[in-house]
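Readers should treat all values here as calculations from the given coordinates under stated rules, not as data from a laboratory. Source: prediction; values computed, not measured. Ideal geometry is used to build each Cβ from the backbone, glycine not excepted, and the neighbour counts take in all protein chains shown.
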Amino acid sequence: MTLHEPDRDRTTRRSRIYSGRFRRSLFGSGLRHPAIYLHLPKCGGTSLSEALYATVPMHKRIGVIDAVSTRRAAAILEFGLDDAWKCHDDLEFGDLTFDLRERILTAHCCWDSHLIAGHVLLSERLRTQFVGRYKLLTIMRDPVARAISNYRMAVVAGIADPDPEVWLASPIARAHSTTFLRYLSGQNRIAAEQEPAALDRALSALELFSLIGFLEDVEGLVRRFEAVFGARLVLHRYNEAKGGEARLTAEQIDRLRVMCASDQALYDRARALMAKAPGHAAA
């Protein structure tokens, strides 16, 4: 039997995950502390997820909060429609998907899953009930580059206009340019007048993370992860944005940079925090 490319990729990923988990089981190693990976979109998270799963021994549980299946499930539960786009994170009914994911996260925490990963908001419930029992980690990247990558994927998916000018004026561009703000403040939809308060909440949330990695510094991420969790990650590259380049003019990129101001503040603060963290190599 010949495997098609998607099946071959899936088989390769699963093989890497399970071989890592078996090795951890045989040698009694793994994460020294339960962890929640808050997966920020388009920051290399698919690659990090695989590497994280491979660190968990077979006798310990992994809670995977899958993006597409939770969108479909939210649409079925609310509208009776098996539709992966109706409740997409960045669209009108995305709150329903995030609410479902938080409930799944809560169930996994109560089941004592050792590692939980997914596109979840850092809600008040997560902050008060589970931080401490679980160490938080995430990975970030330059906010403008992240937003453009998100835009490219959205164009391929058919939920964003291929004309950058139309995109920049749309609610989905607002969502893309405030992704860090939304996830870290625990608030999916943030009006302009709510942004200062949301930014304060998100900045305080950064202090709760045991590890924040950066896509621009993968070696640093691996080093800091080992210092915090006692296991070494093996990272591969997956899920790069498909489609052609997003051809934004210099003026459009400048406008996008202004829209990303809160995400940039969060990114800069995270870099400053991690410069003082275990495993950071002095320049």
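Between region 172-187 and region 58-112, what is the separation of their alpha carbon centroids in Å? Cα centres, region 172-187 to region 58-112: 18 Å.
Where only DSSP H runs of four or more residues are counted, the chain gives -16000 deg cm²/dmol as its mean residue ellipticity at 222 nm, each run worth -39500 (n - 2.57).
Where nothing but the Cβ of Lys and Arg (+1) and of Asp and Glu (-1) is charged, how large is the charge dipole of region 20-274 around its Cα centre, in debye to the nearest 20?
1240
Taking the chain as the reference, fit the longest principal axis to its C-alpha atoms, fit the long axis of helix 94-110 to the helix C-alpha atoms, and give the angle between the two in degrees, 0 to 90, nearest 10. Taking Cα atoms only, the helix is inclined about 20 degrees.
Among DSSP beta bridges lying fully in the chain, give the percent that are antiparallel, nearest 5. Don't skip to the answer; put the middle values down first.
Details: 1 of 18 bridges.
The answer is about 5 percent antiparallel.
Give the peptides 68-81, 186-199, 30-43, 51-64 in descending order of average Cβ contacts within 10 Å, highest first. Walk me through the intermediate numbers first.
Values: 68-81: 16.6, 186-199: 14.9, 30-43: 20.9, 51-64: 18.6.
So the peptides 68-81, 186-199, 30-43, 51-64, ranked by packing, come out 30-43, 51-64, 68-81, 186-199.
Nearest 10 degrees is fine. How inclined is helix 195-206 to the longest principal axis of the chain, computing both from alpha carbons? Once rounded, the angle reads 10 degrees. Sum up the charges of everything whose Cβ sits under 12 Å from the Cβ of Asp112, counting Lys and Arg as +1 and Asp and Glu as -1, but leave Asp112 out. Result for the local shell: +3. Counting beta carbons within 10 Å around each of Trp85, Trp167 and listing the fewest first gives the order Trp85, Trp167.
To the nearest ten degrees, helix 5-27 and the longest principal axis of the Cα atoms of the chain are 40 degrees apart. If you count Lys pairs in region 20-274 whose Cα atoms are under 24 Å apart, skipping same-chain pairs closer than 8 places in sequence, the total is 5. Counting other Cβ atoms within 10 Å as a rough exposure proxy, the listed residues Thr11, Thr46, Thr138 run Thr11, Thr46, Thr138 from fewest neighbours to most.
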